[in-house]
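Let me begin by presenting the structure, written as structure tokens, before commenting on it.
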Amino acid sequence: MGSLFRSEEVCLAQLFLQSGSAYDCISELGELALVEFRDLNPNVSSFQRKFVGEIKRCEEMERILGYLLREIRKASIALPEAEVSPAAPQPRNVLEIMEQLQRLEVELREVNRNKEELQRNLVEFTEYTHVLRVTHSFVQRNSERESLGPQYEEFPCLEKDSVTGYTSMQRLGAKLGFISGLIPRMKVEAFERLLWRVCKGYTILISLCAYCMQGENSMDTVVFLISFWGDQIGQKVQKICECYHCHLYPHPETDEERCDVMESLATRIQDLHTVLSRTEDYLRQVLNKASESVFTWAIQVQKMKAIYHTLNMCSFDVTNKCLIAEVWCPVDSLAALRGALEEGSRRSGATVPSFVNRIPSHDTPPTLLRTNKFTSGFQNIVEAYGVGCYREVNPAPFTIITFPFLFAVMFGDLGHGMVLALFALWMLFHENNPRVKRSRNEIFRILFEGRYIILMMGIFSVYTGLIYNDCFSKSLNIFGSGWSVRAMFSQDQWTNETLRANVLLTLDPNVSGVFSGPYPLGIDPIWNMASNRLTFLNSYKMKMSVILGVIHMTFGVILGVFNYLHFRQRFGLYLLFLPELLFLLCLFGYLVFMVVYKWLAFSSRHSALAPSILVHFINMFLMQGEALESLYPGQMGLQVFLLVVAFLSVPVLLLGKPLYLYWLHQGGKSLGAYRGYERVRRGSEDDVAVMRDNDTEDGGGLSDPTNREIQKRVRHHRHCHTAVTSVIHTIEYCLGCISNTASYLRLWALSLAHGLVCNLFLFITPKTLSHNEIH
Amino acid sequence: MASLLFCGPKLAACGIVISIWGVIMLALLGIFFNVHSGVLIEDVPFTEEDIQKDSSSPQAIYALYDQVGYNCYIAAAIYVFIGLLSFCQARLNKHNEYMER
């Protein structure tokens, strides 16, 4: 059982898997999620690996499953998601699944195609019916009048006597032809114009009422009817209609034909409706049946693909009968690993068992931290800034308290804290509700993942709300205020005259009875009604922020000691930790000391004489200050001393480690104390590698000159690297100290903003609105 | 009963949330006004003469406090009514959605 304080010990192990039972063993290992596989074939491309065929098959199945899931979702069928994930299927069962999937896909595609075709037909028939109906009404109207004069537009090219015009054309033997159809409303004008220009007025276009088609592509369409004389014009008109992508329908000559066509259309539409509804029912049935197992198959295929991907990372040994895999395994879980291998071998019925062998390694193992549902949120936040090295101290367990606490210092509101805590509790109670777990809303998912963090933040906010005495931006008077206004009157400081003459009055705590002692817990509720509330609170909160900040940063620096002790770098304690601590404490620790001293040393009687800490702090750096009254005897001397110590610690931090390592390499006196390292860092920053090089150089008598040259160059490179790293670290640390201390002032800024906005939103805005209504 | 439904699902949910907040906040405010808490003095509509009238015990101010408190309780009751209405609407919406399927 690992602890959260430090990452776990991880070792490299070699697995020897029988070819027959490799699949099952890796399936077992996958279910347990114990180990990390190393890729033993890094130079092989993914198309040349051994199990590429199986992976292709898995991907094909995934494609079909994706299509099925999309169809199921489109039909809004609920997917029953099982509680327990199914295990990966055996290779021999895969063919069955594959076959079923392919069958389902073919069926679905066919049904969808048919459905689309039927719908297209339906649209056509409905349009045709409408065209017939509309033109029928027009023709009827026309035949009542017994003239074929145009209803819509006059064409000036026609003869004046339109009646004789008709008979004259008939005498010419030209036939009156009709074309009817649908055209989008937008194109009607252009269509008309083109027709008139091309046919020189020998056609009549009648565009009738609009027809809006309900459906996926609903356009405003207009029914039109073109009447023309002669065949050639007819062909021209036909071509123009095709240009404009109109839906043309044959116009029936006589009324009986029209009625027949309409009847047949009506019956056909009826049939189509029936067929369509049956098709949809069938589709739904198919999808319902598929939805039962689709989810299981999806998970199974995913697991299978992962297993083959892992198998691709293993290498075959010489006899080609056994797979070798290299894994990083936590030392504590080696027994579980053996158990999993045994289980896998037993399941596949292999005669020769697979076994595991621990091997030594020079590479840095990966960092493993086991978290549960409570700590995983905090660990994720910490890892967003970077993952620690192997066996380094993990800052996450401390974050569990400091992160919500610092949030609460900024949020500091009892009422809102309770709302936050209640929201988090609601999420916690519905933790295992599958509907909540499967929610697809991004924002809600983020909040749900951090439900424990939010709970902690809410509880801490309740506490800081009590301290700030702020509940929805109003104070609670639980214990009775320590200030008394009556005492100002009874001591004859104020009279009714004073009240009338002055707008603002200040209570004087030096008058007896006015201030009876500090409020037991938190800030006195009278401050909520005072006009100089912010003056007081700003000073208090700013100082509190700096104090919290310096404590937090010092704690962080001290955590580094555990690393130095663990990796047995005693020089780190003296050359890195001590200068860092001295720099931080001599400057900002002294500031904190001055703040606390001023709080303790000056009471309300001497409050007029209390000096400004800021002025003193600035003068400390400028090394002036004779003009100011000192806070305490010996202040000048102490400040100069602290300043000197702080400034001296910077070069020690900068040059200490590189010089020490260089001297160590040159001198080589106390090597013995540095054996037995656990950690070896991959790559160049190696104090240890330097040690070992030293060892081999002194220990081994046979070293040819070229080897020495190479080693010397490598060592020189390492020294440069150490020096540059040291410079970067020093600059970052010193600047970081100053800038981070200042940025802790956000604790003050945000709590101020929260109070003001809350007051505005909850009390001032409603009051203003109601006053505006009254006046 | 043609259709008692006049708001959609989201409006109904909004109404429920705001009603719950309104009920809790106004009920608490009413309690605090009845307890004559000093912090809420700015919200009590008193005039100059009210201050002049009372010599030793501020009875007029207390009476005003109680009045504002009762106003808050009435507002809370209205919110309860609105909350119930929204809840009914939300249930009807869910019923319709189920029937449509």
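The values are calculated or read from the model by the stated rules, or taken from the named source; none is laboratory data. Remember, it's a predicted structure, so these values are computed and weren't measured experimentally. All Cβ positions, even for glycine, are placed from backbone atoms using ideal geometry, and neighbour counts span all protein chains on display. Protein only, heavy atoms only, side chains kept; ligands, DNA and RNA dropped before computing areas. Shrake-Rupley method; radii C 1.70, N 1.55, O 1.52, S 1.80 Å.
Among the residues of segment A:623-658, count how many are modelled with pLDDT under 85 and surrounded by 13 or more Cβ atoms within 10 Å (Cβ to Cβ).
Counting residues in segment A:623-658 that are modelled with pLDDT under 85 and surrounded by 13 or more Cβ atoms within 10 Å (Cβ to Cβ) gives 4.
Is it fair to say A:Ser180 is polar (S, T, N, Q), open to solvent by less than 40 Å² (accessible area, probe 1.4 Å), at pLDDT below 70 and in contact with a Phe, Trp or Tyr (Cβ under 8 Å, 6 or more places away or on another chain)?
Considered against the rule, which asks whether it is polar (S, T, N, Q), open to solvent by less than 40 Å² (accessible area, probe 1.4 Å), at pLDDT below 70 and in contact with a Phe, Trp or Tyr (Cβ under 8 Å, 6 or more places away or on another chain), A:Ser180 comes out as no.
B:Gly69 passes all but one of (1) at positive phi; (2) away from chain A (no Cβ under 14 Å); (3) of a type outside the set (Val, Ile, Thr); which number fails?
(1)
Within segment A:753-768, can one find any residue that is more than 14 Å from chain B (Cβ to nearest Cβ) and touching a helix residue (DSSP H, G or I) at 6+ places or on another chain (Cβ under 7 Å)?
yes
Based on what the data block shows, is A:Ser531 open to solvent by 40 Å² or more (accessible area, probe 1.4 Å), polar (S, T, N, Q), assigned to a loop (DSSP other than H, G, I, E, B) and within 14 Å of another protein chain (Cβ to nearest Cβ)?
Yes, satisfied.
Here are A:Leu576, A:Leu661, A:Leu565: which of them is farther than 29 Å from A:Met544 by Cβ and either open to solvent by 80 Å² or more (accessible area, probe 1.4 Å) or not in a helix (DSSP H, G or I) (or both)?
Only one candidate qualifies: A:Leu565.
For the structure I just gave you, tell me whether A:Arg73 is basic (Lys, Arg) and closer than 30 Å to A:Val331 by Cβ.
For A:Arg73, the condition - basic (Lys, Arg) and closer than 30 Å to A:Val331 by Cβ - is not met.
Test each condition in (1) in contact with a Lys or Arg (Cβ under 7 Å, 6 or more places away or on another chain); (2) among the polar types (S, T, N, Q); (3) open to solvent by 40 Å² or more (accessible area, probe 1.4 Å) for A:Ser7 and report the one that comes out false.
Failing condition for A:Ser7: (3).
Of (1) more than 44 Å from the chain's Cα centre (by Cα); (2) surrounded by fewer than 16 Cβ atoms within 10 Å (Cβ to Cβ); (3) away from chain B (no Cβ under 14 Å); (4) small (Gly, Ala, Ser), A:Ala487 satisfies all except one. Which?
Failing condition for A:Ala487: (2).
Is there a residue being touching a residue at least 24 places away in the same chain (Cβ under 8 Å) and under 28 Å from the mean Cα position of the chain (by Cα) anywhere in segment A:343-366?
Yes - at least one qualifying residue is present in segment A:343-366.
Kindly provide the set of residues from segment B:20-41 that are facing another protein chain (nearest Cβ under 10 Å), surrounded by 14 or more Cβ atoms within 10 Å (Cβ to Cβ) and of a type in the set (Phe, Trp, Tyr), ordered by number.
B:Phe32
Would you confirm whether any residue within segment A:29-42 is more than 27 Å from A:Thr367 (Cα to Cα) and open to solvent by 30 Å² or more (accessible area, probe 1.4 Å)?
Within segment A:29-42 (the criterion being more than 27 Å from A:Thr367 (Cα to Cα) and open to solvent by 30 Å² or more (accessible area, probe 1.4 Å)), the answer is no, since none of the residues qualifies.
Cβ-Cβ under 7 Å, sequence separation 6+ or interchain: first residue in segment A:569-584 and more than 15 Å from A:Leu664 (Cα to Cα), partner among the aromatic types (Phe, Trp, Tyr). Which pairs?
From segment A:569-584, the pairs are A:Leu573/A:Tyr564; A:Phe577/A:Tyr564; A:Glu580/A:Tyr733.
Would you confirm, using the coordinates I've provided, whether A:Glu449 is among the charged types (D, E, K, R), touching a residue at least 12 places away in the same chain (Cβ under 8 Å) and open to solvent by less than 40 Å² (accessible area, probe 1.4 Å)?
no
Which residues, taken from segment B:30-70, are among the β-branched types (Val, Ile, Thr) and either touching a Pro at 6+ places or on another chain (Cβ under 8 Å) or at pLDDT below 90 (or both)?
Matches in segment B:30-70: B:Val35, B:Val39, B:Ile41, B:Val44, B:Thr47, B:Ile51, B:Ile61, B:Val68.
Among all residue pairs at least 6 apart or on different chains, which show Cβ distances below 7 Å where the first residue, located in segment A:465-477, is within 14 Å of chain B (Cβ to nearest Cβ) and free of Cβ contacts under 8 Å to residues at least 12 places away in the same chain and the second is in a helix (DSSP H, G or I) and of a type outside the set (S, T, N, Q)?
Qualifying pairs under 7 Å: none.
Read through the list (1) more than 13 Å from every other protein chain (Cβ to nearest Cβ); (2) surrounded by 14 or more Cβ atoms within 10 Å (Cβ to Cβ), then give the number of the only condition that B:Glu49 fails.
Here B:Glu49 meets the rest and fails (2).
Here is a yes/no grid of residues against (1) surrounded by 16 or more Cβ atoms within 10 Å (Cβ to Cβ); (2) touching a residue at least 40 places away in the same chain (Cβ under 8 Å):
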| site | (1), (2) |
| --- | --- |
| A:Leu12 | yes, yes |
| A:Asp24 | yes, yes |
| A:Phe51 | yes, yes |
| A:Tyr67 | no, yes |
| A:Ala75 | no, yes |
| A:Val106 | no, no |
| A:Asn114 | no, yes |
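Determine which member of the set A:Gly339, A:Gly377 is in contact with an Asp or Glu (Cβ under 9 Å, 6 or more places away or on another chain) and buried (at least 16 other Cβ atoms within 10 Å of the Cβ).
None of the others qualify; the one that does is A:Gly377.
Determine if segment A:569-590 includes at least one residue that is among the basic types (Lys, Arg) and closer than 19 Å to A:Met542 by Cα.
no
Here is a list: A:Leu756, A:Leu735. Which entry is assigned to a helix (DSSP H, G or I), out of contact with any Cys (no Cβ under 8 Å at 6 or more places or on another chain) and either closer than 24 Å to A:Gly560 by Cβ or of a type in the set (Lys, Arg) (or both)? Full working, then the answer.
Values: A:Leu756 fails: either closer than 24 Å to A:Gly560 by Cβ or of a type in the set (Lys, Arg) (or both).
Of A:Leu756, A:Leu735, the one residue that is assigned to a helix (DSSP H, G or I), out of contact with any Cys (no Cβ under 8 Å at 6 or more places or on another chain) and either closer than 24 Å to A:Gly560 by Cβ or of a type in the set (Lys, Arg) (or both) is A:Leu735.
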